[in-house]
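Trainee: Here you go, one structure.
Please treat every number below as a calculation from the coordinates, not as lab data. None of the values given here were measured: they were computed from a predicted structure. FYI the Cβ positions are ideal-geometry reconstructions off the backbone, even for glycines, and counts take in every protein chain you see.
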Amino acid sequence: MFDIPFLDLPALSSATGTVALPGSKSISNRVLLLAALCEGSTTVQDLLDSDDTRVMLEALRQLGCGVEVDEKARRATIKGLGGEPGTPSAKLFMGNAGTAMRPLTAALALLGGQYELSGVARMHERPIGDLVDALRQLGCDIEYVGNEGYPPLRIGGSIGTSALKLDAPIRVRGDVSSQFLTALLLALPLVASKDIVIEVVGELISKPYISITLQLLQRFGVTVKRDLDASGQPGWQRFTILAGSNYRTPGSIHVEADASSASYFIALGAIGTCRNGPSSIRIEGVGEDSIQGDIRFIDAARQMGAQITGGPNWLEVTRGSWPLKAVDLDCNHIPDAAMTLAVMALYADGTTTLRNIASWRVKETDRIAAMANECRKLGATVVEGADFIQVTPPAIDKWTAASIHTYDDHRVAMCFSLAAFNPAKVPVRIEDPKCVAKTFPDYFEALFSVVGASKQQIPVLCIDGPTASGKGTVAAVVAKALGYHFLDSGAMYRITALAASQAGLDIVPANEQAIAAMARTLPVRFEDTKVMLGLQDVTDMIRTEEAGMNASKVSALPAVRDALVHLQHSFRALPGLVADGRDMGTVIFPDATLKVFMTASAQKRAERRYKQLISKGISATLDSLRADLEARDLRDSTRAVAPLKPAVDAKVLDNSDLSIEESVKAVLNWWPGLVH
Ligand code: DC
């Protein structure tokens, strides 16, 4: 929905309700790859639909897997390759999906065939040398197409399973990204003609992600042996894929909701309040028993003051301590969710230190630098080191309205939406909000479904003007550009007039009260491009010239105008509203952020309407259209209540000689953006 350069969040004041979260990216992409490598079909339930999973699905299609996706049912069925290359060669584009790039590199190097793997510019800055080194130890043929140590990669022809050097342990570094080890673990069962040992060099980071890998391998019939550590527990240094290991499809597998995504809503529960006391946020799709490491975020959130209860597949969070309690934590086990702690730290009673997070530097962006920069913009004092970040919140009067740069990093965008709860009530702009599509395409819709703001804080942009001035078209485009709701108030009068005539009521003053009573309970719904009156699709019916004239008549009845006020006010919802009509700026939203009065000469407007009608195959004459239009203008601007006129503080745009795009640009240029 948000195909816009930025999203302005007004100050948010409350949070309460239930959110159902999308599937985990890490689980989704691992499961897709395992399903592709095994024989037979696997149905993946609750699959995440996001940029990264699309990258993986597209790659699997190109590699010759059967891929069927039922988006509505959030389900994909993958017909696996059964360990054989499905195609001799392919060029695969990996976007910025590390969870696709790394495991596919390992799988394709072992599968045989010739492949080229590339991605977006940032992907070409994300290291992969440690994985390539490990695969080369086995004898795999992999070349760097660009810079040594980074994608893009060319993976050479098959060297044959028999030529692979499986006897010596494969050594892989574990201290840069755990995805290298994951990639090897997922791919090596392809060639496990004998026991294959992997030795981790350096302290393994992000161990919980390795746990996910091991648990999913288990679901696909592969058990990995772990050498015990000094305390006799399964360790993290030496893993053995047993000879004869073979992927076996579980037939059907369910993807848990994303525990990292849950962190924003857990934080919301800890930060928000609702009118009658503490907030209560219920999260569905993931519970305390999750196999994802980031679920341990709940311990950190509890330490900061959140009250959290949960069961299988659900969590409930309310605010406990307030302000939140500053903490000093080792976050190595929750690398992604820990970013959320950095924003929670803005609401804490002192300085929060998050340690052991060096992996942040090699993620979608350098996340330590990104979090530090953006927290500073809001007024916080931040110290950053090679592997830590320290955040001291701003004093209440030192918060500053900020435009948050998001670095094409979904988590930066989601984290900083939480800054809109700031006590100074300054707005927060999120740049490039659609980057959340990487893991949570509907994040902002989910957020707006559970947070509230006082009506006065919700920005409104009004576009009033006479008929055929182009205001409706411009308003709809502007609404889309800002990611705001859209109110076509003329449609309300058109529908009321239609409903009156369907009920046999003439539009005359004698029927004023009866029509007003109807208007008060109109069963009207706006569905995408359709307007519904009860079960009837009235989209086209209300757009005729006659319907416009009747609307003008019905709108001159004061009781009818009054009856429609509440319905129009109800459109003022987060994140904002663009409203078009005759009295949006003067009567309905007098406190609007921006009021535009859009007009054009009667001749130009008649010509526009004429073209419109002719293109629809409806005959008309220019003169009669102009006469009708002037009659409507006269009635709309001379009626006793809410006559058509520019608000005193409106900006007037005469667009007689402007195209729609030029009018849109002019309106957006006036939009102040950050609302003060
Ligand atoms: O914008 P429109 O052509 O769909 O509006 C139809 C009629 O409804 C218009 O002639 C006057 C009336 N109207 C109004 O009185 N107040 C509004 N806010 C919107 C429309």
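Trainee: Label residue 376 and residue 570 with points 7 Å out from Cα along Cα→Cβ: what is the distance between them in nm?
Mentor: 4.8
Trainee: Calculate the FRET efficiency for residue 4 and residue 54 from the Cβ-Cβ distance with a Förster distance of 30 Å, rounded to the nearest 0.05. Can you show the working numbers first?
Mentor: Working: r = 21 Å, r/R0 = 0.69.
With a Förster radius of 30 Å, E is 0.90.
Trainee: Aspartates and glutamates within cross-link reach of residue 645: Cα-Cα under 20 Å, excluding same-chain residues under 8 positions apart?
Mentor: Cross-link targets: 464, 488, 562, 580, 583, 591, 628, 630, 633, 636, 654.
Trainee: With the dipole of the chain worked out from charges on the C-beta (+1 for Lys and Arg, -1 for Asp and Glu) around the Cα centre, which of 642, 659, 357 lies farthest toward the positive end?
Mentor: The residue sitting most towards the positive pole is 642.
Trainee: Shifting gears a bit: Report the extension gain between residue 614 and residue 230 in nm, rounded to one decimal, defined as 0.36 nm multiplied by the number of residues separating them, less their alpha carbon distance. Don't skip to the answer; put the middle values down first.
Mentor: Numbers: separation 384, 0.36 × 384 = 138.24 nm, distance 8.36 nm.
Contour length minus Cα-Cα distance gives 129.9 nm.
Trainee: When you count, for each residue, the other Cβ atoms within 10 Å and take the mean per peptide, how do 389-396, 626-633, 174-181, 460-467 rank with the highest first?
Mentor: Working: 389-396: 19.1, 626-633: 17.2, 174-181: 23.4, 460-467: 25.9.
Highest to lowest by the protection proxy: 460-467, 174-181, 389-396, 626-633.
Trainee: Take the alpha carbon gyration tensor of the range 592-676, find the square roots of its eigenvalues, order them as a ≥ b ≥ c, and report rounded if a/c is under 1.5; if not, report prolate when a/b exceeds b/c, else oblate. Before the final figure, lay out each step's value.
Mentor: Numbers: a/c = 2.98, a/b = 1.47, b/c = 2.02.
Note, shape of the range 592-676 comes out oblate.
Trainee: How do the peptides 285-297, 518-530, 576-588 rank, highest first, by the average count of neighbouring beta carbon atoms within 10 Å per residue?
Mentor: Details: 285-297: 21.5, 518-530: 13.1, 576-588: 25.6.
Top to bottom by mean Cβ count within 10 Å: 576-588, 285-297, 518-530.
Trainee: A follow-up question, please. Could you please state, rounded to a whole Å, how far the C-alpha centre of the range 217-273 is from the C-alpha centre of the range 132-211?
Mentor: A separation of 19 Å, based on Cα centres.
Trainee: Further question on the same structure: For the range 1-155, calculate the relative contact order in percent as a whole number, restricting contacts to Cα pairs under 8 Å that are 6 or more residues apart.
Mentor: Over the range 1-155, the number comes to 18 percent.
Trainee: Mind putting a number on the dipole of the range 508-662 about its Cα centre? Charges go on the C-beta only, +1 for Lys and Arg and -1 for Asp and Glu, and I need it in Debye to the nearest 20.
Mentor: On the way: 21 positive and 22 negative charges, 41 e Å.
That gives a dipole near 200 debye.
Trainee: Can you give me the relative contact order of the range 527-662 as a percent, contacts being Cα pairs under 8 Å and 6 or more apart?
Mentor: Result for the range 527-662 is 29 percent.
Trainee: For the range 291-421, what relative contact order do you get, as a whole percent, if you take Cα pairs closer than 8 Å and at least 6 residues apart?
Mentor: 20
Trainee: Under a crude label model (7 Å from the Cα following the beta-carbon direction), how far is residue 322 from residue 532 in nanometres?
Mentor: 3.8
Trainee: Now for a separate question. With r as the distance between the Cβ atoms of residue 540 and residue 167 and R0 = 56 Å, compute the FRET efficiency 1/(1 + (r/R0)^6) and round to 0.05. Walk me through the numbers on the way to the answer.
Mentor: Details: r = 74 Å, r/R0 = 1.33.
Calculated transfer efficiency: 0.15.
Trainee: Nothing charged except the Cβ atoms of Lys and Arg (+1) and of Asp and Glu (-1): what's the magnitude of the dipole of the range 430-529 about its Cα centre? Round to the nearest 20 debye. Provide the component values of the computation, followed by the final result.
Mentor: Values: 8 positive and 10 negative charges, 12 e Å.
So the dipole magnitude of the range 430-529 works out to roughly 60 debye.
Trainee: For the chain, just list the percent of Cα-Cα distances falling in each 20 Å bin from zero outward, please.
Mentor: It works out to 17, 40, 30, 12, 1, in whole percents.
Trainee: What is the ratio of the Cα radius of gyration of the range 531-676 to 2.2 N^0.38 Å, where N is its residue count, to two decimals?
Mentor: Normalised Cα radius of gyration, the range 531-676: 1.14.
Trainee: So, by mean Cβ neighbours within 10 angstrom, what's the order for 38-51, 539-552 with the highest one leading? Spell out each step's value before the answer.
Mentor: Numbers: 38-51: 20.4, 539-552: 17.5.
Order by mean packing, descending: 38-51, 539-552.
Trainee: Let me have the 222 nm mean residue ellipticity of the chain computed from DSSP H runs of 4+ only, each contributing -39500 (n - 2.57), with the sum over all residues rounded to the nearest 500. Can you show the working numbers first?
Mentor: Numbers: 20 runs with 225 residues, N = 676.
Taking each H run of at least 4 residues, the total per residue is -10000 deg cm²/dmol.
Trainee: Where the eigenvalues come from the Cα gyration tensor of the range 48-201, what are the semi-axes √(5λ) of the equivalent ellipsoid, largest first, in whole Å? Present the calculation step by step, with values, prior to reporting the outcome.
Mentor: Numbers: eigenvalues 115, 68, 44 Å².
The answer is 24, 18, 15 Å, longest axis first.
Trainee: In degrees from 0 to 90, rounded to the nearest 10, what is the angle of the helix 558-569 Cα long axis to the longest principal axis of the chain?
Mentor: Between helix and principal axis, roughly 10 degrees.
Trainee: Charges only on Cβ, +1 for Lys and Arg, -1 for Asp and Glu: so what's the dipole of the range 237-394 about the Cα centre, in debye to the nearest 20? Before the final figure, lay out each step's value.
Mentor: Working: 14 positive and 17 negative charges, 27 e Å.
Result for the range 237-394 is approximately 140 debye, rounded to the nearest 20.
Trainee: Could you tell me the distance between the Cα centroids of the range 32-94 and the range 335-390, to the nearest Å?
Mentor: The distance from the Cα centre of the range 32-94 to that of the range 335-390 comes to 35 Å.
Trainee: Now a separate question. Using the beta-carbon distance between residue 356 and residue 145 and R0 = 41 Å, what value does 1/(1 + (r/R0)^6) give for FRET efficiency, to the nearest 0.05? Spell out each step's value before the answer.
Mentor: Numbers: r = 34 Å, r/R0 = 0.82.
Taking R0 as 41 Å, the efficiency between residue 356 and residue 145 is 0.75.
Trainee: Past 32 Å, Cα to Cα: identify those pairs from 225/363; 363/595; 425/530; 398/434; 72/207; 377/480, in the order given.
Mentor: Numbers: 225/363 29 Å; 363/595 43 Å; 425/530 36 Å; 398/434 29 Å; 72/207 34 Å; 377/480 27 Å.
363/595; 425/530; 72/207, as the Cα separations exceed 32 Å there.
Trainee: Here's something else I'd like to know. Determine one quarter of the surface area of the Cα convex hull of the range 30-78, which equals its mean projected area, and express it in nm² to one decimal. Please report the intermediate quantities before stating the final value.
Mentor: Numbers: hull surface 11.8 nm².
Mean projected area of the Cα convex hull: 2.9 nm².
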